[in-house]
Each structure stands twice: as C-alpha cells, then as structure tokens.
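Here is the structure we will look at, set down as structure tokens.
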Amino acid sequence: MYCKEGNVNEARSVFQLMSERGVLPNVITYSALLDGYCLRGEMAEAENLVDIMVKDGIAPNVVTFSTLINGYCKYKQVDKAVVMFEDMCLNGTHITPDVVTYNTLIDALCKENRLQCALENFEEMKDRGVAPNVVTYNLLLDGLLKNAQVDRAISLRREIESNGVAPDIRTYNVIINGLCEAGRLAEAAKVFSYLVAKGLLPNLTTYNIRIKVSCRQGLLGDATAVLKEMSDNGCSPDECSYNTIIKAFLNANDVAKALDYLDIMRSQGFAADNNIASLFLGLLTNPHVNDVDKALLQKYFVEHHVEFFWFRLLF
C-alpha cells in the first residue's frame, strides 16, 4: 500500500522492522518494495534489493523481473531492460516471461524506434507459447505505422482476428490514424465503417481522427458534421477537435467560419493553439486576403479581447 502511494521510505521502514522482529519477507514483500523503487526511478536501490533478496534465499519470479524491466523502460534505460530480459530467459532461472513482460519491452523498443527488435521479441513470444493479446498487437501496429510500414500493419491486423484476438477501439484508432498520416484517406474511411459494423463505439480519439481525415480531404462540411455527431452521442469535443476544424477553415480562407468555431471553442473554455494564432496573424498580413475579411478579424479580436500575443504586437 505504501509503495503504490509513493511512500517508499515508510515501506522500507516496515520492511526493516519485519527483519528486526524475525519476520522473514517473502517474494511478495520484496516485489512490493521493488515496485516502489521502480516507480520513483531509484533503479540502483531496486537492483540492490534484488541482490539482498537472492542472498536471503528468495528466488525472483516473473513479477520481480517484469517490475525491474518496467522500471528500466519507464526511465529510458531500455538497454538495461533488454539485458534483464535476457537474464530472465537464459540464465537458468526457468522463468518464462509473460505477456505483460513482453508488452512492456515491445512498447519501450517501439518508442525507441527499434522496431525490428520489437518484432523479433514478438516472434519469440509466440515461439515460447506466450499468446499476444490486443495490447501487444496495438503496440506493434502503432510502431509499424509510425515507421510508414503500412502494408505490414494491415497484414498484422488480419493476423489479429485470425488468432482469435478481438480488436478494440484503440486498434482501429491506430490503424485509421496511420492510414491518414500515410495519405491513404479512402482506406481510413473504410476502416472506420468497418469499426461501426463491428459494433464498437467511437471515442474522442476516433472522432478527432475522423475530423482530421475530413479536413485533409477538404470536406469541411463532413468535419463539422462529425463535430455535431460527437455532441449528439455524448462525446464532448476537445481543444484538438476545434483547433483542427479552425485550422482547416483558415487554410481555406473562410475567415467567418473560422471565427464562428473560435467563438464556440472559447465558450467551451478552450484556447487556440500557437499554430492557429500564427495562421490568424498570417491572414491579417496576407496581401491576398480581402479587406473585408481583415476588418472582420480585427473587429473580432478587439471586441472579444482575444489575447494572441502576436495580435497584440501587431495592433
């Protein structure tokens, strides 16, 4: 309990008191304190604790190794995590990594852009009889798509269902977003239709990706329809939703619509990001923007006291 709440010092005091009173800690006790050290990034203390654990005749288990690996990964010491993983598998411990262990390492490797190593671990886990779950597949799909390996990701998606693993909403969000980033917008829209047919409910991320897809296709009417659909379905738009639509209207030089949605966004307590502010400034100084739209912008900002830093400098 102390460790989960970040009170490692109190947990260590209890641990020492147990030893002083002749109550021998077991693997669960050691693992709990180990988790506390790892949560705080005190990896040297964690390593020392494992040494003490072994000297006390307590054999580390899969939770012990997984906790250490997670700690290393969390604090960007992925090479140490890989070494710890190899020790776990190869040094006669007879401990088989479980799906959580593999997912932790695969996630870290993907984030470090070491995709090939992540894929090798994926194949190894299957060879060891450890069944990948939906989290495993989502991590790899994200890694593949961020490395522009779209066709390989689509192939992996087929493998998911053929292995009896049910894709979740994150699976589809990752695929739709990856296709969108690759410019394969029609395929992204098709995957969304498939998601709906499977009975999965879109979440905020799904809707924001749909808005992005529509905006990139220049279908601003569709984008605003998605915004309404979100609200109708009880999923409130966020700052990203509004900024994406406002940016699209600004890029289309539709100043009036951009200001309408800026007004709505501000009424919801959100603020335009720096990119939007820069676009507004660009319109004010753009010789190709007509005087009517420039006057509309100036009037809006003065009347609404919009605090764009660049606007204040300009006026």
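The values are calculated or read from the model by the stated rules, or taken from the named source; none is laboratory data. Quantities reported herein were computed from a predicted structural model and do not represent experimental measurements. Neighbour counts run over all protein chains shown; Cβ positions are idealised from the backbone, glycine included. Only protein heavy atoms, including side chains, enter the accessible area calculation; ligands, DNA and RNA are left aside. Shrake-Rupley method; radii C 1.70, N 1.55, O 1.52, S 1.80 Å.
Just wondering, is there one or more residues in the stretch 291-308 that are loosely packed, with under 13 Cβ neighbours inside 10 Å and among the basic types (K, R)? I'd like the intermediate steps shown before the answer.
At the first step, the residues of the stretch 291-308 found to be loosely packed, with under 13 Cβ neighbours inside 10 Å are 291-292, 295, 299, 302-305, 307.
Pick out the ones that are also among the basic types (K, R) and you get 299.
Yes, the stretch 291-308 contains a residue that is loosely packed, with under 13 Cβ neighbours inside 10 Å and among the basic types (K, R).
Total residues in the stretch 45-85 satisfying the condition of being in a helix (DSSP H, G or I), of a type outside the set (V, I, T) and more than 31 Å from the chain's Cα centre (by Cα): the figure is 5.
Filtering the stretch 193-218 to residues that are in a helix (DSSP H, G or I) and farther than 18 Å from D232 by Cα leaves S193, Y194, L195, A197, K212, V213, S214, C215, R216. Per the conditions (1) open to solvent by less than 40 Å² (accessible area, probe 1.4 Å); (2) over 20 Å from I106 (Cβ atoms); (3) not β-branched (V, I, T), the sole criterion not satisfied by E181 is (1). Evaluate the following for Y137: is it over 24 Å from C89 (Cα atoms), hydroxyl-bearing (S, T, Y) and under 22 Å from the mean Cα position of the chain (by Cα)? So Y137 fails the test. Filtering the stretch 50-75 to residues that are over 19 Å from K111 (Cβ atoms) and open to solvent by less than 10 Å² (accessible area, probe 1.4 Å) leaves M53, T64.
If only residues of the stretch 248-276 that are open to solvent by 10 Å² or more (accessible area, probe 1.4 Å), among the small types (G, A, S) and in a helix (DSSP H, G or I) are counted, the one that is nearest to K212 (Cα to Cα) is A248. The residues of the stretch 289-315 that are at pLDDT below 80, part of a loop (DSSP other than H, G, I, E, B) and not hydrophobic (A, V, I, L, M, F, W, C), listed by number, are H305, E307. The set of residues in the stretch 219-234 that are in contact (Cβ under 8 Å) with a residue 12 or more places away in the chain and not in a helix (DSSP H, G or I) contains only N233. Of everything in the stretch 199-257 that's under 26 Å from A295 (Cα atoms) and among the polar types (S, T, N, Q), which residue is modelled with the lowest pLDDT? Top of the filtered list is N253. Could you list all residues from the stretch 235-247 that are touching a Lys or Arg at 6+ places or on another chain (Cβ under 7 Å) and in a loop (DSSP other than H, G, I, E, B)? Correct list: empty. From the list Y242, Y207, the one residue that fits, being among the hydroxyl-bearing types (S, T, Y) and over 19 Å from V191 (Cβ atoms), is Y242. Quick one: would you say E239 is among the acidic types (D, E), farther than 17 Å from N173 by Cβ and within 25 Å of the chain's Cα centre (by Cα)? Yes; evaluated as a whole, the condition is true for this residue. Taking the stretch 116-134 as the range and being more than 21 Å from Y75 (Cβ to Cβ) and among the hydrophobic types (A, V, I, L, M, F, W, C) as the test, the residues that pass are L119, F122, M125, V130, A131, V134.
Yes/no per residue for (1) assigned to a helix (DSSP H, G or I); (2) in contact with a helix residue (DSSP H, G or I) (Cβ under 9 Å, 6 or more places away or on another chain); (3) surrounded by 14 or more Cβ atoms within 10 Å (Cβ to Cβ); (4) modelled with pLDDT of 95 or more:
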{"site": "D87", "(1), (2), (3), (4)": "yes, yes, yes, no"}
{"site": "G92", "(1), (2), (3), (4)": "no, no, no, no"}
{"site": "T96", "(1), (2), (3), (4)": "no, yes, no, no"}
{"site": "N103", "(1), (2), (3), (4)": "yes, yes, yes, yes"}
{"site": "L119", "(1), (2), (3), (4)": "yes, yes, yes, yes"}
{"site": "F122", "(1), (2), (3), (4)": "yes, yes, yes, yes"}
{"site": "Y137", "(1), (2), (3), (4)": "yes, yes, yes, yes"}
{"site": "L145", "(1), (2), (3), (4)": "yes, yes, yes, yes"}
{"site": "I154", "(1), (2), (3), (4)": "yes, yes, yes, no"}
